[in-house]
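Q: Sending over a structure as structure tokens; questions will come in a sec.
The values are calculated or read from the model by the stated rules, or taken from the named source; none is laboratory data. In this text the structure is predicted, and so the values were computed from the model without any measurement. Counting neighbours? That spans all protein chains shown, and the Cβs are built from the backbone with ideal geometry, glycine included. The protein model used for the area step is the full one, side chains on, heavy atoms only, and it has no ligands, DNA or RNA in it. Shrake-Rupley method; radii C 1.70, N 1.55, O 1.52, S 1.80 Å.
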Amino acid sequence: MIKPAKLPCMAKSSVAIYNVSKQQYPPTFKLFFFLPISLALTSFFLVFIYISTTSRVLTNPQSTIFLEPATNYSLFDLIIPFSTDNEDTVPLSIDNSAEEFFFDLPTSSKQSQWSLPLGDLFGFTGDNMNNTEIYHDTDTFLEDYKEMNKSFKIFVYPHNPADPFANVLLPVDFDPKGHYASELYFKKALFSSHFITQDPNQADLFYMPFSIADMRHDPRIGPERLQDFIKDYVFNISHKYPFWNRTGGADHFYVGCHSISRIAMDKAVEAKDNVIQLVCSSTYFVPNYFPHKDVSLPQIWPKEGDPKSLVSTKRNQLAFFAGQVNSPVRAALLKHWVNDTEIFAHFGRLESDDGEEQLRSKFCLHVKGFEVNTARVTDALHYGCVPVILANHYDLPFTDILNWKSFSVVVHYMDLPVLKKILQGISFEELSWLQNNVAKVRRHFKWNVPAVDYDAFYMAMYELWLRKSSVRVRLSSSREYI
């Protein structure tokens, strides 16, 4: 029963509603008020109907993939069989910055994107792009390469051999060794190349020759003071020379192969945003790396000479991997394939040289560890083995030039359980094309002293040439350009 005290208020409300309903609105008001409301309501009901009839969340909640923290798993849980409520589930890493999260990946209930025949790998059938060419555009690359070789100029900021930090600023006088040799090979090759100009006004780009690897091991700098060293270096060249200030460092570059190079510029804010990075740890998922600005370098483990034979008919092993289990992706790989007879997946280092295993394998697996990059890609190419890339978000080396689909197989983490099916699904004709193209691209991933046309140094120079500015304006009549 309604209390009498509320009757006047309700009466006023009823009168207001009645007056609104009887109001005669002009046509323009109806057009701009009622029409949008009607369209919005109609759209809402159509979207609701679509979601209710197509969403797996409503129709089959058990088949969806959820992102959950891997709080109940360890690396040894992944390697050693363990009992859970769902034995078909395997955790997989998503990316560098989220190793603590994993996908629950059903291995049988969800059809893989690779479960269909792979006859279109090279576009032999249908209207797909032909992937047998190793370059995106061969004619353009060869023409531009000649122009780059003829006109491209680099100014290197000069440093005296008596400088206290000459060891990190000048090229080494020996053949570089170790995992991070690429940055030292580049510096050594550049200093003895025809690309160097002593006239900064003629330079297309400016090279800051500090070595990340050498700074990391120098007790005066080390990882703790590396950012301060680079901040001071940028301050010094920007006050001593006019070239940095005209572009904010956008026409400057440095080289670093260790993953710490990604944070090297953190205290030099302008440099962090503008400078071109030539780095091995090139993942576009994390901050500080921009594929349109930066360049991905191949990481190598230096080897002497070429293998005696790369004959593909002797490759009777489907795939090979050996390495430490330092990421959940590798742990999942070993969980699935450590006991397989056709995929050789070994935990730790081999007692013998793994080159023999790669020579007798059709495919060699590059699996993300702490970082997306390792020397396994260049190792595979060195031994004539087709690389299989299991490293999501990896901006592959020289990808502006090379068509990676023509000489490698890229597999998403989530397809690890069907990796064998993927590789077995590649036909003999497709495998032959892949192997032939591996033989063609090998030279692009080798560092030579002195540098040789089309080797890793010249490919890196071409990538830099693509990023050079096309316009320079005089700062003054003294031939200083901007």
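Q: Please compute the modelled spin-label separation between Glu224 and Phe174, points set 7 Å along Cα→Cβ, answer in nm with one decimal.
A: Taking the two extended label points, one gets 2.7 nm.
Q: Continuing with this model, one more query. Work out how much length Asp232 to Asp340 would gain on full extension: take 0.36 nm times their residue separation and subtract the Cα-Cα distance, in nm to one decimal.
A: 33.5 nm
Q: If you take every residue apart from Ser296 with its C-beta less than 11 Å away from the C-beta of Ser296, what net charge results, scoring Lys and Arg +1 and Asp and Glu -1?
A: -4
Q: Using Cα pairs under 8 angstrom and six or more residues apart, how large is the relative contact order of segment 153-311, in percent?
A: Across segment 153-311, relative contact order equals 24 percent.
Q: Right, next: Please work out the average accessible area per residue across segment 317-369, using the 1.4 Å probe convention, and give it in Å².
A: It amounts to 39 Å² per residue over segment 317-369.
Q: Please report, as a whole percent, how much of the solvent-accessible surface of segment 335-376 comes from carbon and sulfur atoms (probe radius 1.4 Å).
A: That fraction is 47 percent.
Q: Something else: Provide the FRET efficiency to the nearest 0.05 for the Lys146-Asp273 pair, computing r from the beta carbons and using R0 = 30 Å.
A: Efficiency, from the Cβ-Cβ distance: 0.35.
Q: Round to a whole number: what % of the accessible area of segment 244-316 belongs to carbon and sulfur, probe 1.4 Å?
A: 53 percent
Q: Starting from segment 165-206, pick out the chymotrypsin sites (Phe, Trp or Tyr not before Pro) whose DSSP state is loop and whose Cβ has at most 13 other Cβ atoms within 10 Å.
A: When the chymotrypsin sites (Phe, Trp or Tyr not before Pro) of segment 165-206 are filtered for loop state and at most 13 Cβ neighbours within 10 Å, Phe174 remain.
Q: With Rg and the Kirkwood Rh both taken from Cα atoms, where does Rg over Rh land for segment 153-266?
A: Over the Cα atoms of segment 153-266, Rg/Rh equals 0.94.
Q: How would segment 254-336 be classified by its alpha-carbon gyration tensor: rounded, prolate or oblate, with rounded meaning a/c under 1.5 and the a/b versus b/c comparison settling the rest?
A: Cα axes put segment 254-336 in the prolate bin.
Q: Follow-up. Describe numerically, in nm with one decimal, the distance between label points set 7 Å from Cα along Cα→Cβ at Lys293 and at Asn448.
A: Simple spin-label model gives 3.4 nm for this pair.
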